[in-house]
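The values are calculated or read from the model by the stated rules, or taken from the named source; none is laboratory data. These numbers come from a predicted model, not from an experiment. FYI the Cβ positions are ideal-geometry reconstructions off the backbone, even for glycines, and counts take in every protein chain you see. In case anyone asks, the SASA skips ligands and DNA or RNA and just uses the protein heavy atoms, side chains included. Shrake-Rupley method; radii C 1.70, N 1.55, O 1.52, S 1.80 Å.
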Amino acid sequence: MRILVNISYQGSQFLGFQIQQQGRTVQQQFEKILKRMHRRHVRIHPSSRTDRGVHAYEQFFHFDTELNIEPKQWKYAMNRALPDDIYVNDVQHVDYQFHCRYDCVGKRYRYRVYQGSHRNPFECWLKTFIKEDFDYSKMNEAAKHFIGTHDFTGFCSQKTEVESKVRTLYQSE
């Protein structure tokens, strides 16, 4: 049975999504829970990875299991075992042909900024502080240049498994 999981996390205390040699990751948290439940290692397959300190409102991963557990029970069991900075939003059964990474049809990134006369310690892990005023209309004008199909090879690691680095941006503001 293939299980699709929709999660949210506050990434400030994570080294990113993917397992690292040392340090706390989102993948590590879920694979630890699944290992306890299955009594063996169960690998999860994310739709994408995030870097250190990045948050996610909705990120998906799938895994295969022989356990016959209803989606709402998966959600309950995982949320009970997860730390406070990760939450399972939804769980569903999907077809074995489905692959979270290869069947993903889009991604949305949101970068948040706040302004003011001083830094706000309650916002510092969630938004970037910029003291200077800036012109939103000029920023939106510049953002339009990202819309379209572009080669992002310059932004990729040389070790990447991804064959095509060409992506299409439909919205940028």
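Applying a threshold of 8 Å to beta carbon distances and a minimum spacing of six or more residues, or different chains, the list of pairs starting in the stretch 23-47 at a residue that is over 28 Å from Val162 (Cβ atoms) and ending at one that is open to solvent by 10 Å² or more (accessible area, probe 1.4 Å) and part of a helix (DSSP H, G or I) reads Ile33/Ala77; Ile33/Ala81; Arg36/Ala81; Met37/Ala77. Scoring Val5 on the criteria (1) β-branched (Val, Ile, Thr); (2) out of contact with any helix residue (DSSP H, G or I) (no Cβ under 6 Å at 6 or more places or on another chain); (3) open to solvent by 20 Å² or more (accessible area, probe 1.4 Å) leaves a single failure, condition (3).
Comparison of Tyr109, Tyr87 shows that the only residue that is closer than 16 Å to Gln59 by Cα, touching a helix residue (DSSP H, G or I) at 6+ places or on another chain (Cβ under 8 Å) and among the hydroxyl-bearing types (Ser, Thr, Tyr) is Tyr87. Of Asp103, Asp95, Asp84, Asp51, all but one fail to be over 30 Å from Thr168 (Cβ atoms) and among the acidic types (Asp, Glu); the exception is Asp84. Residue count for the stretch 86-133 under the criterion of being aliphatic (A, V, I, L, M) and at pLDDT 90 or above: the result is 4.
Matching residues to (1) among the β-branched types (Val, Ile, Thr); (2) surrounded by 13 or more Cβ atoms within 10 Å (Cβ to Cβ); (3) more than 24 Å from Ile33 (Cβ to Cβ):
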site: Gln73; (1), (2), (3): no, no, no
site: Asn79; (1), (2), (3): no, yes, no
site: Pro83; (1), (2), (3): no, no, no
site: Tyr87; (1), (2), (3): no, yes, no
site: Lys107; (1), (2), (3): no, no, yes
site: Gly116; (1), (2), (3): no, no, yes
site: Pro121; (1), (2), (3): no, no, yes
site: Phe129; (1), (2), (3): no, yes, yes
site: Lys138; (1), (2), (3): no, no, yes
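Applying the condition of being free of Cβ contacts under 8 Å to residues at least 24 places away in the same chain and not in a helix (DSSP H, G or I) to the stretch 140-158 and asking which residue is least open to solvent (accessible area, probe 1.4 Å) yields Gly148. Filtering Glu161, Glu173 for residues that are touching a helix residue (DSSP H, G or I) at 6+ places or on another chain (Cβ under 8 Å), among the charged types (D, E, K, R), open to solvent by 90 Å² or more (accessible area, probe 1.4 Å) and assigned to a loop (DSSP other than H, G, I, E, B) leaves a single hit, Glu173. If the condition is being of a type outside the set (Ser, Thr, Tyr) and in a strand (DSSP E or B), then the stretch 108-129 contributes Val113, Gln115, Phe129. Screening the candidates Cys100, Cys104 for the property of being closer than 26 Å to Val5 by Cβ, touching a residue at least 40 places away in the same chain (Cβ under 8 Å), of a type outside the set (S, T, N, Q) and touching a Leu at 6+ places or on another chain (Cβ under 9 Å) yields one hit, Cys100.
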